[in-house]
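Heads up, the thing below is written out as structure tokens.
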Amino acid sequence: MSAHADIHVHEDDHGHHHKETFMTKYIFSQDHKMIAKQYLITGTIMGIIGVLMSMMMRIQIAWPEEPNVLFEALLGSWAPDGVMDADIYLALVTIHGTIMVFFVLTAGLSGTFSNLLIPLQIGARDMASGFLNMVSFWLFFLSSVIMLVSLFVEAGPAAAGWTIYPPLSAIPLAQGGSGLGMTLWLVSMALFIAQSLLGSLNYIVTVINLRTKGMSMTRLPLTIWTFFITAVIGVVSFPVLLSAALLLIMDRSFGTSFFLSDIFIQGEVLHYQGGSPVLFEHLFWFLGHPEVYIVILPAMGLVSEIMASSSRKPIFGYRAMIASILAIAFLSTIVWGHHMFISGMNPFLGSVFTFTTLLIAIPSAVKAFNWITTLWKGNLQMNPAMLFSIAFVSTFITGGLTGIILGDSALDINVHDTYFVVAHFHLVMGISALYGMFAGIYHWYPKMFGRMMNKNLGYIHFWVTAVCAYGVFFPMHFIGMAGLPRRYYTNSNFPLFDDLANVNVVITIFALIGGVVQIIYLYNFFSSIFYGKKSVQNPWKSTTLEWTTPVENIHGNWPGEIPHVHRWAYDYSKPGHDADFVPQNVPLKDGEEELQH
Amino acid sequence: MTALLTIIVLVFILVAIWQMVKIFDLAQAKNQNDETAGVATDKDNTINGYLMMGFLAFIYIITIVCFVKYGDLPLMSNSASAHGPTIDNLMIITMVVIFTVQTITQFLLHYFAFKYKGEKGKKALFFADNNKLEAVWTIIPVIVLAGLIIYGLNSWINIMGVDESDDPLIVELYAQQFNWKARYGGADNTLGLANVRLIDIDRANILGLDESDPNAQDDVITTELHLPVGRPVLFKMRSQDVLHSAYMPHFRAQMNCVPGMITQFGFTPTVTTVDMRETQQMQDKVLRINKIRVEKSKKLVAKGEDALERYEFDYLLLCNKICGKSHYNMQMKIVVETQEEYNAWMKEQKKFKNSLLKNN
């Protein structure tokens, strides 16, 4: 019951092969557009939980001594009389990180838009394997459920930080959360990795094999390039995390000593000998660092596409953009050691990783300058998606620049694991990727639901979020440089940090406003599904193939033949044409030259 | 309570925003057709174009406000170790580079967003590629980064290179959930062998020293870290249970403590605790902190609790790697003093062989 095959096309003009039941249409769907929506909705739910957690953490940091009804309501027995327990603070840190990085910004972002856009933009009826695609979503769903179930474990959910460094994560004696909570975390992540691998393989095969006639690799929109390369990075690095997780499970449950050695805890010597936690750090960051590019590359692709379309201008330096994506992908696999400068590994290795890390700034700078040049002399259509794209470039620059400090081993010594790091990665991959995701949602909402989102709500959502994001993370650099370590339940045990408390209150207020304003977005998103204005076929006047499909989503995407492609994806405002955009499926005019970009 | 009030206020703001949007929508509804519903109009472009300039101003203002208000918080020019100024200088140079790039690129981004805001009938410039431009903004970062890499790696190698020939004081930093111990090698400046398997709580051999090792006999175990000023120190770090990180921000020093292996970090303290307290910068900081503590104490006393103690500056060793429940309170006081004061303090400490309890 594969939906992708071209053979179906001529037999069936409407794309409906057979009657669909509720189950096959909405639940166990093999249609890539429905799977994309399933990823998006699941990711959104996980996102709400992740953001709520961060708001609780911010309240705790700003007003550590004060009981809070919110804690009492949400945390129950973990916040007796409304005072948060220290263990649960670490659990919030851990689960917030895990959910946001993996469940929202990996599956929610890449899962949604790779699924939605790959077949539509390359001109395919569906993914290479609709069945694998369905399995991959349901593994993701299962892994989300297990992660959420782990929140209700009596001894607490995993609380060793999203990096789950052993021995803390391996020994239940070290921490309540390292018991059943950590087991569930590991099971959930193993399933997550499986879904990610299935998804990635599907994306790679689809992009390579199912491009429509004329869609050469150098005519692909940059979105597809980033999804494709992201999938490749995922396939290369996720298995390493899986092996780390498996070895950790062995250490925890079967008495092996891969990561543990010479441990004396709570009055007893444990039997472990010969392992090393540093080995785990290497394995973890071999995925962990590419992971941030798995998060940010799809956002970059979405932003490139939206910027070109909304500027009514070709993306500047198409080939340079592809080259920088490839360079970033390659470098991303050889920089993981910059998370480990002070882990006890040989300082010489630190030098090597400093070198490779700072190199990554070069392709990143090229991308940033190309985006800025894309705006130059454009005709900018300030839709909410465009605003989020511009803000993406802004936070990517601000957050990326501080990476030059953290990637420099000598400077990292003093700011490692402080709030400086928190500010850096939240701006450069958290907020930026989130902006990319919002931009994508506002832009492709009409494609997903056939209706438009309310733009005025979108504007308010954007401006409040943009101000709050800087309000939260800009001052945070300063308390980090003042030496404040992250993951502290309260700072009141250090009078040295008393003068940072008021900064923390400012940050928390911005965080709360920024968090609450997302309700506007949620309202806009869900109410527009039913009450939004009906969309036209190509509301943003874009050139790419997804806008040649009918507004109503159909199985197989195009009712008739799949369009052929005659030009690259960025013929906006091309001289010699009346309209300011020429879709990819429009043949070249007599004597018209195709730019070889 | 404050938090609850904040949340309530936020909800009200939200409702207000909601109502405003409804009004906007109604106002716009009449001149909209199906083609343009939900798509930015020229008016939207203009408003958001101006807001982009406003946002640029906001970025600049928040930068300036942060530097003016919080600029004295960062540890930037008051390091207390010999290698500290190297790191501080590198930091300042990097910051200058970063803020130059930040100011220029943010300006270009937001100014273009304002300047080229869309108008009906206008056509954008078809400008797809320019190899010269690409080369320029590849080569400039290459040069700048090459400079930073060379400077950074030079500093890194100097800091991490341990020179055993200048007779450093050997000190073990021993981490456990949730406190620190320091161990000195005694007169021979040599640490005795140790392993957590040798820990014998009943005999008070809490760090697992090898009781038969002659080097261990005169070792001294303390709960405060005392360092003589001007003498290089080489820290040997151990952990007995989970990962910890020995973070000494004032000395620009940090290294993880890893169970099963010994890690090391060396530096030379250059400013005694007493001298540091007398620097203008530190006095300002302490004054500021004590003002805050007095305010807090007033509230506490009103609630019938004890007032906070007056704060006096001390160097600190903090745990900076998540290590469990009381991670947030894992600290040790560091005292940097003259050689004489250090010798006097050391004399008062018990040697390992004298600190053991007899087995019954």
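Readers should treat all values here as calculations from the given coordinates under stated rules, not as data from a laboratory. Because the structure is a prediction, the values reported are computed rather than measured. FYI the Cβ positions are ideal-geometry reconstructions off the backbone, even for glycines, and counts take in every protein chain you see.
Here's how it looks for residue B:239: its modeled amide H is under 5 Å from those of B:175, B:258, B:260, B:261, which are all 5 or more places away or on a different chain. Couplings for segment B:202-217, taken from phi via the Karplus curve 6.51 cos²θ - 1.76 cosθ + 1.60 with θ = phi - 60°, read 4, 9, 6, 8, 7, 9, x, 6, 7, 5, 8, 7, x, 5, 7, 4 Hz in order; Gly and Pro are left as x. Counting only other chain Cβ atoms within 10 Å of each residue's Cβ, the peptide A:568-575 averages 3.
Computed extension gain for residue A:554 through residue A:577, at 0.36 nm per residue and net of the alpha carbon distance, reaches 5.1 nm.
For residue B:335, the residues whose modelled amide H falls within less than 5 Å of its own, excluding neighbours fewer than 5 places apart on the same chain, are B:225, B:226, B:227. Segment A:90-128 and segment B:247-273 have their alpha-carbon centroids 41 Å apart.
For A:308-316, what's the mean count of beta carbons from other chains sitting within 10 Å of each residue's beta carbon?
Taking the mean over all residues of the peptide, I get 4.
Each of B:61, B:93, A:479 was scored by other Cβ atoms within 10 Å of its Cβ. Arranged with the fewest first, they read B:61, B:93, A:479.
Less than 5 angstrom separates the built amide H of residue B:210 from those of B:193, B:194, B:195, all sequence-distant by 5 or more or on a different chain.
State, as an integer percentage, the relative contact order of segment A:301-534 based on alpha-carbon contacts under 8 Å between residues 6 or more apart. Can you show the working numbers first?
Numbers: 288 pairs, mean separation 50.9, N = 234.
Relative contact order here is 22 percent.
Extent of the protein assembly as shown along its three principal axes (Cα atoms, max minus min coordinate, largest first): 95, 58, 57 Å. The ranking of A:96, A:461 by Cβ neighbour count inside 10 Å, starting from the fewest, reads A:96, A:461. From least to most packed, judged by other beta carbons within 10 angstrom and beginning with the fewest, B:292, B:92 follow the order B:92, B:292.
Over the Cα atoms of segment B:147-192, what is the Rg over Rh ratio if Rh follows Kirkwood?
Numbers: Rg = 15.7 Å, Rh = 13.3 Å.
Here the Rg-to-Rh quotient is 1.18.
Counting only pairs 8 or more residues apart or on different chains, how many lysine pairs in segment A:301-534 have their Cα atoms under 21 Å apart? Don't jump to the answer; show the numbers that get you there.
On the way: A:313/A:367; A:313/A:377; A:367/A:377; A:447/A:455; A:447/A:533; A:447/A:534; A:455/A:533; A:455/A:534.
Lysine pairs, 8 or more places apart or on different chains, close enough: 8.
Per DSSP H run of n ≥ 4, the term is -39500 (n - 2.57); total these for chain B, divide by its residue number, and report the mean residue ellipticity at 222 nm rounded to 500 deg cm²/dmol. Mind showing how you got there, number by number?
Numbers: 8 runs with 162 residues, N = 360.
It comes out at -15500 deg cm²/dmol, rounded to the nearest 500.
Counting only residues at least eight positions apart within a chain, or on another chain, the aspartates and glutamates with an alpha carbon under 14 Å from that of residue B:325 are A:85, A:87, B:241.
Each peptide in A:309-315, B:65-71 receives the mean, over its residues, of other Cβ atoms within 10 Å, and ordering these scores from highest gives A:309-315, B:65-71. Structural size metrics of segment A:5-160, computed from C-alpha coordinates, are Rg and Dmax of 20.6, 70 Å.
Helix-only estimate, please: 222 nm mean residue ellipticity of chain A, summing -39500 (n - 2.57) across DSSP H runs of length 4 or more and dividing by its residues, to the nearest 500.
Details: 19 runs with 338 residues, N = 597.
Rounded to the nearest 500, it is -19000 deg cm²/dmol.
If I histogram all Cα-Cα distances within segment A:71-163 using bins 5 Å wide from 0, what percent of pairs lands in each bin? For segment A:71-163, the pair-distance distribution reads 3, 12, 17, 18, 14, 11, 9, 7, 5, 3, 2, 0.
Tell me, what is the FRET efficiency for residue A:25 and residue B:19 to the nearest 0.05, using R0 = 41 angstrom and their Cβ-Cβ distance as r?
Details: r = 38 Å, r/R0 = 0.92.
Efficiency, from the Cβ-Cβ distance: 0.60.
So what is the relative contact order of segment B:268-360, in percent, for Cα pairs below 8 Å that sit 6 or more residues apart? Write out the running numbers ahead of the final one.
Numbers: 57 pairs, mean separation 24.9, N = 93.
After rounding, I find 27 percent.
Share of Cα-Cα pairs in segment B:61-124 beyond 16 Å, in percent? Tail of the P(r) past 16 Å holds 65 percent of the pairs. Using only the Cα atoms of segment A:266-344, each taken as one equal point scatterer with no solvent, compute I(q) by the Debye sum, divide by I(0), and report log10 of the ratio at q = 0.23 Å⁻¹. Results for segment A:266-344 at q = 0.23 Å⁻¹ read -1.05.
In whole angstrom, how long is each semi-axis of the equivalent ellipsoid of segment A:73-113, when you take the square root of 5 times every eigenvalue of its Cα gyration tensor and sort them from largest down? Mind dumping the intermediate values first?
Details: eigenvalues 171, 20, 4 Å².
Semi-axes, largest first: 29, 10, 5 Å.
Shape summary of segment A:192-321, radius of gyration then Dmax from alpha carbon positions: 21.2, 70 Å.
The alpha carbon centroids of segment B:103-153 and segment A:298-320 are separated by 14 Å. With all pairs of different alpha carbon atoms counted, what Kirkwood hydrodynamic radius in Å does segment A:24-275 show? Here the Kirkwood hydrodynamic radius works out to 19.7 Å.
Relative contact order for chain A: 17 percent, from Cα pairs under 8 Å spaced at least 6 residues apart, divided by residue count.
Would you tell me the mean number of C-beta atoms belonging to other protein chains that fall within 10 Å of each C-beta in A:62-72, as a whole number? Don't skip to the answer; put the middle values down first.
Numbers: counts 3, 4, 1, 4, 4, 3, 5, 4, 3, 1, 0.
Taking all residues of A:62-72 together, the mean is 3.
Using alpha carbon centroids, what distance separates segment A:240-254 and segment A:366-422, in Å? Each part reduced to its Cα centre gives a spacing of 35 Å. Past the 20 angstrom mark, what percentage of all C-alpha to C-alpha distances in segment B:124-207 do you count? Pairs farther apart than 20 Å: 66 percent. Sequence-ordered 3J(HN,Hα) estimates for segment B:136-146 from the Karplus curve with 6.51, -1.76 and 1.60 and θ = phi - 60° stand at 4, 8, 8, 6, 4, x, 4, 5, 4, 5, 4 Hz, glycine and proline given as x. Building the convex hull from the alpha-carbon atoms of segment A:301-534 and averaging its projection over directions returns 14.4 nm². Using the Cα coordinates of chain B, the gyration tensor eigenvalues translate into equivalent-ellipsoid semi-axes of 56, 29, 21 Å, sorted from longest to shortest. The loop-placed chymotrypsin sites (Phe, Trp or Tyr not before Pro) in segment A:115-185, going by DSSP, include none that has at most 13 neighbouring Cβ atoms within 10 Å of its Cβ. The stretch between residue B:283 and residue B:143 holds 46.3 nm of extra length on full extension. This uses 0.36 nm per residue minus the Cα-Cα distance.
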